Every structure is written in C-alpha cells, then in structure tokens.
Amino acid sequence: MPRSLTLPSGLPAALSLLFFPTAAFAHASDRGYVLLLPTGHYIAGGALAVAASFGVLWLVPTGALGRLAVPRLTLAARSPDRRAATSWISLAVLALLIVAGWLGSRDPLSNPLPLVVWTLFWIGLTMLTGLGGNLFDWLDPWRGPARLLGREKGAAPSWLDRLGYAPAIVQFAAFAWFELVYPAPDDPDRLGWAVSVYYLVNLAGVLAVGHAAWTARCEPFSVFFRIVSKLAIVEWRNGRLALCLPGGKLVNAEPLPVSGVLFLLLALGSVSFDGLMRTFAWLGAIGVNPLEFPGRSAVMVENTAGLVLMPALLAAAFFAAVWAGERLSGEPVPLARATGTLVWSIAPITLAYHVAHYLIALLVNGQYALAAISDPFSRGWNLFGTADNYISAGLVMGPGAAWILWNLQAGAIVAGHVLAVVLAHMLAERLHTRPGAAVRSQIPLTVLMIGYTVFGLWLLSTPTGA
C-alpha cells in the first residue's frame, strides 16, 4: 500500500494540500482505490488551473467574452408548443409513481418512486438540464391543470413580488432537510406522502396566483432547473432550437434579487453539505465514531445545524468577496446589484458539484431504476424488458474504475470553477466601465472560488464513514 497522509479535519487540511500535495487517504470501501491516486497533486493542479484562468482573463480584450456568448446556431425552426400535453403525461406518471410508493415493494431499491425521485429526477434531470436546457419546463406537472382551469398566466399580486424567492427558499430547504437529515427519505410510503403534499401545496399556489407567477419564484424546482439551464449548450427561444456556448445565455441575464441570490447559494450549500456530512472530519466533529455510525436518527440535530450552517457560511463568504471586490475596483456599485449579477457565476459550480458528488449514485442506482420501472408494483411484470437486468455494481469498483471516476469528478469540479471565473469576468464587465476595475473586482471572488475548488476536491478524496 502506498504511503498516505491522514488528513486533519476541516477545510484547513484541504487548503494545506495546495502546499503539501501527497497521496490522499481514502475510505476502505467505495473510496479505497483513491489511495492509489496522487489526489494531493490533483487538488493543487485544480486550484492552479482556476487561478491561471483568472490570469489569462487579464489578456482578454474588453467585451470579447460578451460578444463570444452572443452567436447561436439554429437547429430547428419554429414548432408548436406541446408543453400542456407533456404536463398531463408527467402528472399521470407522477400519480402512478405515488401509488407504487404506497402499494409496491417496501425495498427502496425495488420500488420505482424513490429511485425516480432521488436518482432519475434529482440527479439525472439536473445533469441533463445542464447540457440540454430546461427539460423540466416540459415535465412541469402543474402546467396542464393550470391551463385547463384558466390559471396559466396572470399578473402577480403585489404581495408575491414582495416575497421574492422566499417561498422557493423555504420549500427547497425542506426538500434538502428531508433528503439529507430525515431518517427515512427512501421509504416508499413516506416519500409517497411527501411528494403528494408537495404537489398539492404548489398546485394551490398555482391556482391562487397563476402558473407563471408561482413557478417564476415560488416553486423551487422550476427556479432551480431554470437557473441550471442557463449553462446548457442548447437553447429554446421563441419556438426555435439553437446551440450556444456554455453559459452563453447569461450574457443578458437580469440581476437576481437578494432572495434569488440566497436561493442559489442554498442549492450549492446543500449539495456541499451532502458531501461533507459523510466524512470522517464531520462525524468526528459531532462526536460520532465513523466506523460505528449510529444511524441518521441519532444525528438529526447535528446534521440540521450543519445544513443550516453550510449555506450560511457560503453566503457570508460570497457577499464578503463581492463587497471586497467592489472596494478594490475603485468604482463600487451597490452591493445588491453586484451580488445579483455575479451570483450567476455560481451556477456552474452548483452543477459541477452535482455531477461530481452524485455521479456514482447515478451509475449504480440508475440501473436499479431501470429495473424497477418495468415492475412498479412487484407483481412479476416486465413492462419495458428491463426488470431482469443484471445490476453491475462492479461498474464503479476496482482501480481502473476509480481512476476514471476520480478524473471525471475532479474534472467536473475544476471545469465548473474555471467556467465560473470566466462568467464572473464577463458579468463584471457589465458592472464596471473600466477594464481594470472589472478585473480588480474579481480578485476576492476568484480567491473564494479557488478555495472552494480545493474544498470540493478534498470532499471527493477524504474518508467517509456514513
């Protein structure tokens, strides 16, 4: 076994790897083979790549990034809007999944509801959205009923405007708590009730204020997928399908209000905590032996605190970095406008963390999902010919798989941060008239992104015990 360095707990240990790169110590099971990889060098290299991308931007002519983001390659001409029809199909599938959750197998790996919700929807659809655009807009299960009842469009009431993204924040926080803290998020019966309540609450909102107004700022998945879709290379505009550069749709993005900024930081913070909560560092910090994990119910208070703390610290760091950058620029703009504009650069980091931290779950649990949807009620059916598929966990095991997966995960994080630095520079040019001011304003934010790159790569390589 190669010599390894046991990482001290917390972020300082991750930052130390920038200067003392060594082989990373890893968990003996799913991360055991990471021991063989020089992960310290990867972490240092990833941080340097992000820093170098910022250095290169000094040489880019003013406005060049914005001009580069404008061109589109049209793929298809105007086509009719079929979203109401696909909405009804989506609603019917959702209803069947809920019934399967109540009446089907109690095994979360045999029942399609938890597999579709947590694997195909939360993981798979997010990744597809980052590539192919806002697919959820076509799957939205509220649009069909809203159009049928004449509640698809309408002016938003003034009180809803004052709330901003607060309803989406509250609902997304509840979703994250259920996923990460609640003792049995995979239990099909309980998940069926949770999904039902969630759907009905948002249906009530849609009927009260109109579909367009409610999904614009209140329904969290509509908000989340719309943000992620801004990074996609596929764009659907005015009925036409076109290709663009990653993040090209952000060239004209309007600044988000403070509540929108907090929503995006909550999304990134919750995914980051999902990675942190299983590490030896976190378990040791809350007094739990990582090798004798007592179960989720024993650490609900601690994990709830962590889920609150992680997005809060990220938000504080982001606002502080933007504030410091505006002071460095020499021509500061209002903090709300600066954070609302620059927070769009956090979107690629959010997608990158999603890919990196959930890739293995998608590869393994996705196989179970394909099998489960062929026999949703455990009656011996084989509706799509996939019920008897062989589940290959070996897909993610062994030194060869570890090398490939580590490089994919690490590459996603580094690429996400590099794109974030590029987008932040493009967006900063909208805030500052002088090129030097735009570049100087990005120095603190780039430092934050370098630190978060180190943190993300450390999460992938550090031991986990839960």
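According to the Kirkwood relation over distinct C-alpha pairs, the hydrodynamic radius of the range 237-311 is 15.5 Å. When ASP189, ASP274 are compared by accessible area of protein heavy atoms, the largest-first order is ASP189, ASP274, using a 1.4 Å probe.
Determine the shape class of the range 38-154: with a ≥ b ≥ c the square roots of the Cα gyration tensor eigenvalues, call it rounded for a/c under 1.5, and otherwise prolate if a/b is greater than b/c, oblate otherwise. Oblate, because a/c is 1.5 or more while a/b does not exceed b/c. Peptides 196-207, 384-395 ranked from most to least packed give 196-207, 384-395, packing being the mean of other C-beta atoms within 10 angstrom over each peptide's residues. Each Lys and Arg contributes +1 and each Asp and Glu -1, all at the Cβ; summed about the Cα centre of the chain, the dipole is approximately 1220 debye. Suppose we look only past 22 Å in the calculated P(r) of the range 364-466. What percent of the Cα-Cα pairs does that tail hold? Tail of the P(r) past 22 Å holds 58 percent of the pairs. Using the Cα gyration tensor of the chain, with a ≥ b ≥ c the square roots of its eigenvalues, what is the shape: rounded (a/c below 1.5), prolate (a/b larger than b/c) or oblate (neither)? Taking the square roots of the gyration eigenvalues as a ≥ b ≥ c, the chain is oblate.
When both the range 329-404 and the range 266-286 are represented by their alpha-carbon centers, they are found 17 Å apart. Candidates LEU243, MET300, TYR199 compared by Cα position along the dipole of the range 198-325: farthest toward the positive end lies LEU243, with charges placed on Cβ. Computed on the range 313-466, with alpha-carbon pairs under 8 angstrom and 6+ residues apart, the relative contact order is 36 percent.
Between the listed residues VAL322, ALA393, PHE455, the Cα displaced farthest toward the positive end of the dipole of the chain, a dipole computed from Cβ unit charges relative to the Cα centre, is found at VAL322. Per q in 0.18, 0.20 1/Å, what log10 I(q)/I(0) does a Debye calculation on the alpha-carbon atoms of the range 183-275 return? The calculated log intensity ratios at q = 0.18, 0.20 Å⁻¹ are -1.08, -1.18.
When the convex hull of the Cα atoms of the range 197-345 is projected onto a plane and the area is averaged over all directions, what value comes out in nm²?
Averaging across all directions leaves 12.9 nm² for the Cα convex hull.
Given +1 at the Cβ of Lys and Arg, -1 at the Cβ of Asp and Glu and no other charges, the dipole of the range 180-298 around its Cα centre is 460 debye to the nearest 20. Starting from the Cα gyration tensor of the range 122-242, take the square roots of the eigenvalues, sort them a ≥ b ≥ c, and report rounded, prolate or oblate (rounded when a/c is under 1.5, otherwise prolate if a/b is larger than b/c, else oblate). Since a/c reaches 1.5 but b/c is at least a/b, the shape of the range 122-242 is classed as oblate.
The values are calculated or read from the model by the stated rules, or taken from the named source; none is laboratory data. Just so it is clear, the structure is predicted and the values come from calculations on it, not from any experiment. FYI the Cβ positions are ideal-geometry reconstructions off the backbone, even for glycines, and counts take in every protein chain you see. Accessible surface areas use protein heavy atoms only, side chains included; no ligands, DNA or RNA. Shrake-Rupley method; radii C 1.70, N 1.55, O 1.52, S 1.80 Å.
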